[in-house]
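Worksheet: one structure, shown below.
The values are calculated or read from the model by the stated rules, or taken from the named source; none is laboratory data. Bear in mind that the values here come from a model prediction, so they are computed numbers and not experimental data. Cβ placement follows ideal geometry from the backbone for every residue including glycine, while neighbour counts extend to all protein chains displayed. For accessibility, only protein heavy atoms count, side chains too; no ligands or nucleic acids. Shrake-Rupley method; radii C 1.70, N 1.55, O 1.52, S 1.80 Å.
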Amino acid sequence: MVEDILPNDLLDNPTTRVPVCLCLDTSYSMCGNPINELNEGIRIFLNAINNDEVAKYSAEIAIVTFDSDARVIQDFATVDKINPPTLTADGLTSMNQGVNLALDILENRKKEYAKAGVDYYQPWLVLMTDGAPTESIDSAVNRALSLEENKKLTQFLIGIGNADMNALSRFSNKRPPLKLKGLNFQGFFEWLSKSVSITSRSVPGQTASLPKDNIQDIFDIEV
């Protein structure tokens, strides 16, 4: 049966994986500079990982976008197999659909790892939004909290501009949301690529220390 056939990449490359799903708000309010800066940030992120001799074989990136609907723009793949997408902005903010879809594909990829006998680090969900959800987020919140509580999910919750930080904070009891400073997507994705690199060199199951350099230039926080 088709579902029993393992992906070639898992057979050819048994390296312990770091699955990272970018769940990105592409609603109308992201039009103009925000979506342009987001596209450039994703390009920088993929290039930085590709230039890392360890992370390029470990990191698997997927991209889910949500506006009036949610869709998988890029399914899980190592960066050498990904062409940076050009995202456009329009529609509402269907965050619940977006997060649920992201969690779905993370769970599916974990099953493929298990079938192939490939180890993996705790999956990452990177949720970025510049607004407020236009639907109830209860089901997505409950799933994320349950996975996090059972040490099956690491979350990075990033607010942009007028993002509803209270809504973002509901997704995690362990890692509060962070507010991006201005439109510094490039700084954030550089920081994220370093975080992936550090994790890919750590021991699975242990908590890796994430980089703290320049975080005041990236996020509206005090350190």
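What to note about this one:
- Spin-label model distance (nm) - residue 139 vs residue 77, 7 Å beyond Cα toward Cβ: 2.9
- Residues 25, 69 ordered from highest to lowest accessible area at a 1.4 Å probe: 69, 25.
- Length gained when the stretch residue 175-residue 40 is fully extended (0.36 nm per residue, less Cα-Cα span): 46.0 nm
- Between amide H atoms placed 1.01 Å from N, distances below 5 Å from residue 59 occur with 18, all of them 5 or more places distant or on a separate chain.
- Of the accessible area of region 53-108, computed with a 1.4 Å probe over protein heavy atoms only, carbon and sulfur atoms account for 44 percent.
- Taking every protein chain into account, the accessible area of the chain amounts to 47 square angstrom per residue (probe 1.4 Å).
- Residue with peak Gaussian network fluctuation, the chain [Cα springs, cutoff 10 Å], from 27, 58, 169: 169
- Remark: region 105-114, residue by residue, has Karplus-estimated 3J(HN,Hα) of 6, 5, 5, 5, 5, 4, 5, 5, 4, 4 Hz, where x stands for each Gly or Pro and the curve is 6.51 cos²θ - 1.76 cosθ + 1.60 at θ = phi - 60°.
- Theoretical FRET efficiency, 1/(1+(r/R0)^6), r = Cβ-Cβ of residue 104 and residue 210, R0 30 Å, to 0.05: 0.70
- The chain shape via C-alpha gyration tensor axes, a/c threshold 1.5: rounded
- Backbone amide hydrogens, once placed in the peptide plane, bring residue 155 within less than 5 Å of 125, excluding anything fewer than 5 places away on its chain.
- Whether region 102-223 is rounded, prolate or oblate, judged on the alpha carbon gyration tensor where a/c under 1.5 counts as rounded: oblate
- Rounded to the nearest 10 degrees, the inclination of helix 138-149 to the longest alpha-carbon principal axis of the chain is 50 degrees.
- Of the cross-linked pairs 151/174; 81/110; 152/212; 174/212, those separated by over 21 Å at the C-alpha level are 152/212.
- Sequence-separation-based contact order of region 100-223, relative, with Cα cut under 8 Å and 6+ spacing, percent: 22
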